[in-house]
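Here the structure is laid out as structure tokens; the discussion comes afterwards.
What follows is calculated from the coordinates using simple rules that are stated; it is not laboratory data. Model, not experiment: these values are computed from the prediction. Don't worry about glycine lacking a Cβ; one is built from the backbone with ideal geometry, like all the others, and counts go over all protein chains shown.
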Amino acid sequence: MTAVGIDAVEIRTGKLELDLAETFAPAKGESPEKYTKGLGLHSSSFPDAYEDIVTMGANAAHRLMERKGLEPDDIGRIDVATESAFDNSKPVSTYIAGCLEQVYDGDFHHANKGERKFACVAGTQSIDDAYNWIRAGRNRGRKAIVVATDTALYARGDPGEATQGAGAVALLISEDPDLVELSPEQGFGSADETDFLKPNQQFPSVDGKRSVQVYLARMREAVEDFESVWGEVEPEDFSLVPFHTPFPGMVRKAALLGFRHMTRNTHIEDELAEDIGRQPRPEAFDDEEAYRDAISEYTDKLKETETYAEWYDDVIEPTLTISREVGNWYTGSVHVARVSGLKTALENGEDLTGERLLVGSYGSGAQAEIHAETVQPGWEDEIAGLNVDEQLESRYSISFEEYEHIHDVHNHDTDTQADAEEFTTPDEEFVFDGWGRMGERKYRYVE
């Protein structure tokens, strides 16, 4: 069976940076450690006045096509995953295709276009759609582009404000991929939840504590469902475990519970038993509350072991390095985590060819998906072709007053974007260019 997976990836970060420790925390009268240690974030990326989900997605897709030497006729579908859409009918993919047609001789009239919505898991769902399209033989030799693009803004003063971010990830899905092959096995955990939602509003309504609980519960269900078709998952099976990363602090919680699950009935549990005992089993307790207390106590002890710390540093920490600098990208966050882990491995001279990743995606509302990926021989060249470091270093660092300005610019209720002050100068990129006769957003390419 021919391998299908991610052939290449590109990242486009917003061109503005908000330093959480030096700028945001002082303005809020709070300790920098609340953000750098508690949330695990150092800075957030924001779009300049001429940027939005279309420009970031189109610029990422354009660089992806240029780097891979592709023309429109090579692409059979363009899917966009976002929870920042500004139109309830016309998909963002049509805007992105329209942008790309400004710089290519051909067009995308033959390509299937769509928009996926299920909070942050929609990016992975779009990859699944492209995978199935190719597997079904309906692609006629063409590839698919999946774009996960979001501006993750919260209302001013909302507890989630510090986790904001903006950026896009473009992924090329094809046969015989150069980056990772996707496993046919998947696991899901899904339930009707109200942990995070946007009922006809731009800024989310969030129950923060509940959202963490739902995230962990659905992830547990997804792992168990994945194991029903894959077999038992053990720590040694995977070199990296990229999670959905709204902020690194949440991943710390998920990773610990995941490690506890993966080590049950393994030699690792046996080796740790002398120091912290064996994991409690529910059948040994008369009631659920007593079991929960015991498993919580065991988990606290597990967290302090050298075995867990080494696994976390090797398998989880590398996936968080980019997220710490950009904040939450909603649909793109797990895909940023994948890039971050592979990029760290490349920088450390690690050869991951043939190694496996365990990818944990999540979307509020709520659904988690677990699948495996196998790193392909061309992964090093693909990751080396990224310019994410240059993008991060070139961002314009905004003051708190400038942050307030740009937040208002991207607030759909203010309607100020067309006349807003710009902090950077566009160069060889797609930019927002005002509104058309029917209220549609217009775009142009700046040479």
Top of THR321, THR94, THR299 by mean-square fluctuation, Gaussian network on the chain, Cα under 10 Å
THR299
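If contacts are Cα pairs under 8 angstrom and at least 6 residues apart, what is the relative contact order of the stretch 75-231 in percent? Mind showing how you got there, number by number?
Numbers: 214 pairs, mean separation 33.5, N = 157.
It rounds to 21 percent for the stretch 75-231.
Between GLN202 and ARG156, 0.36 nm times their residue separation minus their Cα-Cα distance comes to what? Write out the running numbers ahead of the final one.
On the way: separation 46, 0.36 × 46 = 16.56 nm, distance 1.23 nm.
The GLN202-ARG156 span can extend by a further 15.3 nm.
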Global form of the stretch 111-217, assessed from the alpha-carbon gyration tensor, a/c cut-off 1.5
prolate
Theoretical ellipticity at 222 nm over the chain - DSSP helices of four or more residues, -39500 (n - 2.57) apiece, nearest 500
-10500 deg cm²/dmol
Summed residue charge, Cβ within 14 Å of PRO280's Cβ, Lys/Arg positive, Asp/Glu negative:
-3
Hey, what do the phi angles of the stretch 299-310 turn into as Karplus ³J(HN,Hα) couplings, whole Hz, using 6.51/-1.76/1.60 and θ = phi - 60°, x for Gly and Pro?
4, 4, 5, 4, 4, 8, 7, 5, 4, 5, 4, 5
Taking a ≥ b ≥ c as the square roots of the eigenvalues of the Cα gyration tensor of the stretch 158-237, is the shape rounded (a/c under 1.5), prolate (a/b larger than b/c) or oblate?
oblate
Looking only at aspartates and glutamates whose Cα falls under 12 Å of LYS117's and that sit 8 or more positions away or on another chain, we get ASP79, GLU83, ASP150
Computed ³J(HN,Hα) along the stretch 333-343: with the Karplus parameters 6.51/-1.76/1.60, θ = phi - 60°, integer Hz and x for glycine or proline, the list is 5, 5, 7, 5, 4, 4, 4, 4, x, 5, 5
Of GLU181, GLU310, GLU224, which is the most mobile in a GNM of the chain whose springs link Cα atoms less than 10 angstrom apart?
GLU310
Considering amide H positions built from the backbone, and no H for Pro or chain starts, which residues 5 or more places from VAL180, or on another chain, come under 5 Å of its amide H?
ILE6, GLN376
If the cut-off is a Cα-Cα distance under 16 Å, which lysines reach LYS37, setting aside same-chain residues fewer than 8 apart in sequence?
LYS253
Set of lysines with alpha-carbon distance to LYS143 below 19 Å, sequence-local pairs under 8 removed
LYS68, LYS113
Rounded, prolate or oblate for the stretch 344-413? Axes are the square roots of the Cα gyration tensor eigenvalues, ordered a ≥ b ≥ c, and the cut-off for rounded is a/c under 1.5.
oblate
In whole Hz, with x marking every Gly and Pro, tabulate ³J(HN,Hα) for the stretch 166-172 from phi via Karplus 6.51 cos²θ - 1.76 cosθ + 1.60, θ = phi - 60°.
8, x, 9, 10, 10, 10, 9
Given H placed on each backbone N at 1.01 Å, which residues far from PHE243 in sequence or on other chains put an amide H within less than 5 Å of it?
GLY360
Taking Cα pairs closer than 8 Å and at least 6 residues apart, the relative contact order of the chain in percent is 25
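Counting Lys +1, Arg +1, Asp -1, Glu -1, what net charge surrounds ALA25 among other residues with beta carbon under 13 Å of its beta carbon? Provide the component values of the computation, followed by the final result.
Values: positive: LYS28, LYS34, LYS37; negative: ASP19, GLU22, GLU30, GLU33, GLU161.
In short, -2.
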Rank GLY434, GLY69, GLY189 by mean-square fluctuation in a GNM of the chain with C-alpha springs under 10 angstrom and give only the top-ranked residue.
GLY69
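Using the Kirkwood formula on the Cα atoms of the chain, what hydrodynamic radius do you get, in angstrom to one decimal?
Values: mean 1/r = 0.0446 Å⁻¹.
Computed over the chain, the radius equals 22.4 Å.
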At R0 = 35 Å, FRET efficiency that the Cβ-Cβ distance of GLU227 and THR424 yields, to 0.05:
0.15
